[in-house]
Amino acid sequence: MPAGGPVLECDRGRGGLHSLKTAMGLVMLGLGASLVFQVIRSLATYNSENVQAIATLRERVAVLERKIWPVLFSTFPESVTDYYNYYDELAQSICTAATNQPSFIFAIRRDCRPNGDGVMCNAMCKSRRAAMISAVGNQGSTSECIDAVHVYKNRPVLSPDHEADAGKVGLAAYRYYSGGCTWRANHCGPNYCCCRLRP
């Protein structure tokens, strides 16, 4: 069994950052829900005495926006790319599950638009061989396509609370098996190639 390549610092901290992002999101959600509840309660019993309370709530919301959002975005600069990386991770997990032997697996994005790069997955996996070898600490030798998948984008984001969105349809993907490796270029079809690098 090959020795694993070096673990990148960004991979090492990914779980911690995700937990921190989730916690910060829950804090923001709680603060927002509290403020909204206060506003609704104030409006339900609206009178001249509540004018000051509403003004105070508006000031609190403005303070939160000024203080919290810049901190979140400066702390997590990768948040702009999180949307696409989430689909990359889904494709990577599908491709990894597709292999039937010890090997390094890579889910590589495929431009399947009509005016795309004109590359089929077989060619993609062969042409990215050097980059894959480099990614795993100069291990591996032969690269090949073993599968291809289409991960559907713009799917609804379900609540982190399991019970809240029980029964709702979230993520979706289609697996092409080896037939996706020769899927014609510039046609969707697969938007990820499953590439295997043999040790």
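Worth pointing out:
- Qualifying residue in segment 122-138 (condition: within 15 Å of Pro190 (Cβ to Cβ), at pLDDT 70 or above and in contact with a helix residue (DSSP H, G or I) (Cβ under 7 Å, 6 or more places away or on another chain)): yes
- Qualifying residue in segment 150-170 (condition: under 19 Å from Cys95 (Cβ atoms) and surrounded by 17 or more Cβ atoms within 10 Å (Cβ to Cβ)): yes
- Selection status of Cys112, at pLDDT 95 or above and assigned by TED's automatic domain parsing to the domain that holds Gly189: no
- Residue within segment 57-76 that is modelled with pLDDT of 85 or more and either of a type in the set (Lys, Arg) or assigned to a helix (DSSP H, G or I) (or both) present: no
- Listed by position, the helices (runs of 4 or more DSSP H) enclosed by segment 80-199 that each have at least 1 residues that are in contact (Cβ under 8 Å) with a residue 60 or more places away in the chain and in contact with a Lys or Arg (Cβ under 8 Å, 6 or more places away or on another chain) are 82-98, 121-127.
- Total residues in segment 143-165 satisfying the condition of being at pLDDT below 95 and either farther than 24 Å from Gly179 by Cα or β-branched (Val, Ile, Thr) (or both): the figure is 12.
- Complete set of residues in segment 169-199 that are in contact with a Ser or Thr (Cβ under 7 Å, 6 or more places away or on another chain) and modelled with pLDDT of 95 or more: Cys195, Arg196, Leu197
The values are calculated or read from the model by the stated rules, or taken from the named source; none is laboratory data. These numbers were taken from a predicted model, which means no experiment stands behind them. Using ideal geometry, Cβ is built from the backbone for each residue, glycine included, and neighbour counts are taken over all protein chains shown.
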